[in-house]
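Reviewing the structure listed below.
The values are calculated or read from the model by the stated rules, or taken from the named source; none is laboratory data. Just so you know, these numbers come straight off a predicted model, no measurement behind them. Every residue, glycine as well, gets a Cβ built from its backbone with ideal geometry; the counts of neighbours run over all protein chains shown.
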Amino acid sequence: MVRVPQQLFDAYLFDLDGTIYLGDQVLPGATRLIAALRHYGRPVRFLSNNPTRDPAQYAAKLAGLGISVRPDEIVNTVVTTVSWLKAQHPDAVVFPIAEAPLIRALTEAGIRISDRPEEIDIVIASYDRGFDYRKLQIAFDAIWFHRRAFLVQTNPDRFCPYPGGRGQPDAAAITAAIEASTQTTCRHSFGKPDPLMMETVLATLPPLSPHQVVMVGDRVHTDLQLAKSTGVCSAVVLTGEATAGEVDALSPTSAPDFVLDRIDRLIPPGLWGEFGWSAC
Ligand SMILES: [Mg+2]
C-alpha cells in the first residue's frame, strides 16, 4: 500500500542501487525528483555500503545517468571506514582486504598500511574481488598467531545484488572466512544499518532534528533499519529489493513512515502541478 509524504522534508538521504538506479539504468522519476529537491534548496545525500567505488566515482556514474551530484554529497563505506579510523585509531597499522578505492582513501588520509602480520593492528574485511589465500593467511597470522590485530568490516552485506537476480559475494563472506579460521568476532561494521553511517552523513548537514530528515531506500534490513535505529523518518521504495508484501507484513513499529511505488512520490502531491507533473 503506497503512503506518500504530504510535506517536504529539510534533508533527504538516499540509498543508491535499487533506489536511484538499478545497475546502469536510472529508475523512473529519480532524475526529476533530484532536480525538484535542488529547486527547493533541500540538501540531498547518497548512502552506499559498497566500498568498491569512491565518492568521485559514484558522482561520475550518477552524472552519466543524468543526475548531477557532488562527491561530498555521497557517503559510502570508503568514507565511513576512513572517518572511523581517523577518529578512533589514527595511529593504527591496518591491513585492508579491499579494492583500490578504499586503499587509496586510506593512504590519502595518512593511515599506515602493511601486509606484515607482526605489525598489523586492524584487519579490514571488505568487498574485495581480489581476495585470495595470501590475504587470508596474513589476516590469520595478524589476529591468531601474533594475537595482535582485531577485525573490522566495511559493510555487513552477504552479497551485492546484480541485475537479473544475480549477485557477487560481498564483505560478509570475507569476514566469515577470517572469523572461522581465527575464532574471533568482527568488532565493528561501518555500513548500513550501523548508526555510524547516519552519524557520518548527518555531520555533513546543518543541525536538524531527526523528524526533519527522511531516509529512503529499497532494503528493509539495511536502509529501513538504519532509519528506525536513528529516529529519522523512513521511506521504502518498491523499485529494488523490498516487495509490497514484505513491507505490508512488517509490524507497526518496524514499518516505514512512507511506501513509494516510484521515488518521485517523495514530492508531496500538492506540489506536482508546480512542475507540470501529472499522476502516473
Ligand atoms: Mg539498495
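Quick check on my filter: what residues within the range 107-139 are assigned to a helix (DSSP H, G or I) and touching a strand residue (DSSP E or B) at 6+ places or on another chain (Cβ under 9 Å)? Before you say what the answer is, go through the steps one by one.
First pass over the range 107-139, keeping only residues assigned to a helix (DSSP H, G or I): 107-108, 117-119, 133-139.
Answer for the range 107-139, where residues must be assigned to a helix (DSSP H, G or I) and touching a strand residue (DSSP E or B) at 6+ places or on another chain (Cβ under 9 Å): 107, 117, 119, 135, 136, 138, 139.
Do you know which of the residues in the range 160-182 that are within 16 Å of the ligand (Cβ to nearest atom) and closer than 17 Å to residue 98 by Cβ is surrounded by the most Cβ atoms within 10 Å (Cβ to Cβ)?
171
Going by the structure shown, is residue 42 over 18 Å from residue 211 (Cβ atoms), more than 9 Å from the ligand (Cβ to nearest atom) and surrounded by fewer than 20 Cβ atoms within 10 Å (Cβ to Cβ)?
Numbers: over 18 Å from residue 211 (Cβ atoms): no; more than 9 Å from the ligand (Cβ to nearest atom): yes; surrounded by fewer than 20 Cβ atoms within 10 Å (Cβ to Cβ): yes.
Spelling it out, it is not the case that residue 42 is over 18 Å from residue 211 (Cβ atoms), more than 9 Å from the ligand (Cβ to nearest atom) and surrounded by fewer than 20 Cβ atoms within 10 Å (Cβ to Cβ).
Can you tell me which condition residue 238 does not meet? The list is (1) within 25 Å of residue 55 (Cβ to Cβ); (2) in contact (Cβ under 8 Å) with a residue 12 or more places away in the chain, and all the others hold.
Unmet for residue 238, out of (1) within 25 Å of residue 55 (Cβ to Cβ); (2) in contact (Cβ under 8 Å) with a residue 12 or more places away in the chain: (1).
With the requirement that a residue be in contact with a helix residue (DSSP H, G or I) (Cβ under 9 Å, 6 or more places away or on another chain) and without any contact (Cβ under 8 Å) to a residue 60 or more places away in the chain, what does the range 79-102 give you?
Going through the range 79-102, the residues in contact with a helix residue (DSSP H, G or I) (Cβ under 9 Å, 6 or more places away or on another chain) turn out to be 79-85, 92-98, 101-102.
Those that are in contact with a helix residue (DSSP H, G or I) (Cβ under 9 Å, 6 or more places away or on another chain) and without any contact (Cβ under 8 Å) to a residue 60 or more places away in the chain: 82, 85, 92, 93, 94, 95, 96, 98, 101, 102.
Test residue 272 against the stated conditions and say whether it is among the aromatic types (Phe, Trp, Tyr) and either in a helix (DSSP H, G or I) or at pLDDT 95 or above (or both).
Working: among the aromatic types (Phe, Trp, Tyr): yes; either in a helix (DSSP H, G or I) or at pLDDT 95 or above (or both): yes.
When the stated conditions are applied, residue 272 passes them.
Between a first residue in the range 154-176 that is free of Cβ contacts under 8 Å to residues at least 12 places away in the same chain and a second residue that is of a type in the set (Lys, Arg) and surrounded by fewer than 18 Cβ atoms within 10 Å (Cβ to Cβ), which pairs have beta carbons less than 8 Å apart while being 6 or more apart in sequence or on different chains?
169/158
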